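The values are calculated or read from the model by the stated rules, or taken from the named source; none is laboratory data. All figures in this text were calculated on a predicted structure; none of them were measured in a lab. Here the Cβ is made from the backbone with ideal geometry for all residues, glycine too, and neighbour counts use every protein chain on show. Calculation scope for accessible area: heavy atoms of the full protein, side chains included, ligands and nucleic acids excluded. Shrake-Rupley method; radii C 1.70, N 1.55, O 1.52, S 1.80 Å.
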Amino acid sequence: MNFYSFSSYTDKIGTVKPCGFGDESTSDVVLYWYSDPDFGKCIESHCTEHNYDRHVNFLRLLFLPVDLQSDPVKPAIGVLEVSAAFSCQEITKSCIQYLEAVPWEHKEEEQVIKAVSKLGPVAMPIISRIKPVDLTATKNVFVSAVRFATSTGGSCPPFGDELKISAQEQIEYMLGEDEDMPLVTTDDEVKSVVRMGLSRIFSTFEKQLSSLVLESDLALESAEANILQCVSDLEWMCNILPKMELMKDFVSNWAGISGNVVGILAHKKLESVMWGLKVKLIEVSGKALEAVGYGNVILPAPIRVQLLKSWLPYIREMKPILDSKCTEDASFPHKMDEDLCQSIEGAIISVVLALPSNDQADILADWMESDQVRYPDLSEAFEVWCYRTKSAKRRLVEGSGRVDNTTVSLE
């Protein structure tokens, strides 16, 4: 019959005292396992109250058939550490086989890594599970995730949308600080897949938006929900494309369709509905304007003018309408908050100031002639334009004077 017991410890003056858990004077425990009491043979194991359980489990496995299938991960890690210390190869091998085959939680994974870090080749089954993958494998996973995250076909009920959102979140996580990801994101195949996904999303968005004016009033609510999901995909693209140096593709596409988008939003049928969609599209436009205004995306002046002339009048018109609705109904959920307003205004000013002077003059003249000059406030851009205009005239006059003087002196 197998049994175990605690030892006693001796204090400084030689008095024997019993050992118990929680005793502040010592945490040392000596565990004896008697395999055959008649012959007085036993195994002595030194441990502490913190790792006592793992020693008991280890000693139990010495005399019982090794079966870890019913054990949780944490006790198996403890047994592995003790068996390795006692050089018990059979139990160590069984622990490694068990831990390699079962799922771990995040905290358990850290413990597993710590336990196997000193075991050498015997721990290869576990090490092969946790070692970094090569670039080809990372690229394949990333490409597959992008294709799934940008899919625009029918959902796979009941988890289609949830899986798609999860894929988008994991792509953002993969694009975080990682020394290997830049090698993946600069790959031509990866960029091609991302561009194709962006094209699919834009195509779906345009089709759904165009269909709004054809929907019955009863069908508008479900149609809005569908297109809002598509706008959410566009917002997600705005988050990942700068990390792949592909934001230019987004802004170019957005500028190209902006005139049509604003035209549909201004349709009489949508005049007093879909406020949430309108605010979301203003937010997306704000991201495009920021990318252009702050020099993150370099586009020809005509495209910048097109983008600005499409959205500036619309934003100027929508802001007071949304403010009025919020004043009438405090629970009205769709509004342009202060941060959004400031970021869009700053981006618009930056875009204006980087345009050719004649285009600046057209935009500023239109702004001053409108009824809504308070938002966006382009007075800063107007002041800079006035200063630059005078400076340009002065330089022109000075330059003409120098040319005349040179001509006279040559004669």
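One line per residue, one yes/no per condition, for (1) within 31 Å of the chain's Cα centre (by Cα); (2) assigned to a helix (DSSP H, G or I):
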position: K278; (1), (2): yes, yes
position: I298; (1), (2): yes, no
position: K319; (1), (2): yes, yes
position: S324; (1), (2): no, yes
position: D339; (1), (2): yes, yes
position: Q342; (1), (2): yes, yes
position: I349; (1), (2): yes, yes
position: D371; (1), (2): no, no
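Check whether at least one residue in region 126-144 is within 22 Å of the chain's Cα centre (by Cα), of a type in the set (G, A, S), closer than 22 Å to L234 by Cβ and open to solvent by less than 60 Å² (accessible area, probe 1.4 Å), and report yes or no.
No; the residues of region 126-144 include none that is within 22 Å of the chain's Cα centre (by Cα), of a type in the set (G, A, S), closer than 22 Å to L234 by Cβ and open to solvent by less than 60 Å² (accessible area, probe 1.4 Å).
Would you be able to tell me the number of residues in region 326-353 that are open to solvent by less than 60 Å² (accessible area, probe 1.4 Å) and either touching a residue at least 24 places away in the same chain (Cβ under 8 Å) or touching a helix residue (DSSP H, G or I) at 6+ places or on another chain (Cβ under 7 Å) (or both)?
The qualifying residues number 15.
Which number in (1) at pLDDT 90 or above; (2) out of contact with any helix residue (DSSP H, G or I) (no Cβ under 6 Å at 6 or more places or on another chain) marks the one condition that M124 misses?
Only one criterion in (1) at pLDDT 90 or above; (2) out of contact with any helix residue (DSSP H, G or I) (no Cβ under 6 Å at 6 or more places or on another chain) is unmet by M124, namely (1).
Return the only residue of S210, S216, S258 being more than 24 Å from the chain's Cα centre (by Cα) and without any contact (Cβ under 8 Å) to a residue 40 or more places away in the chain.
Just a single option satisfies the conditions, and that option is S216.
Has region 185-205 got at least one residue that is modelled with pLDDT under 90 and open to solvent by less than 50 Å² (accessible area, probe 1.4 Å)?
yes
Listed residues E224, E235; which is at pLDDT below 90, of a type in the set (D, E) and open to solvent by 10 Å² or more (accessible area, probe 1.4 Å)?
Step by step, each of E224, E235 is checked, and only E224 is at pLDDT below 90, of a type in the set (D, E) and open to solvent by 10 Å² or more (accessible area, probe 1.4 Å).
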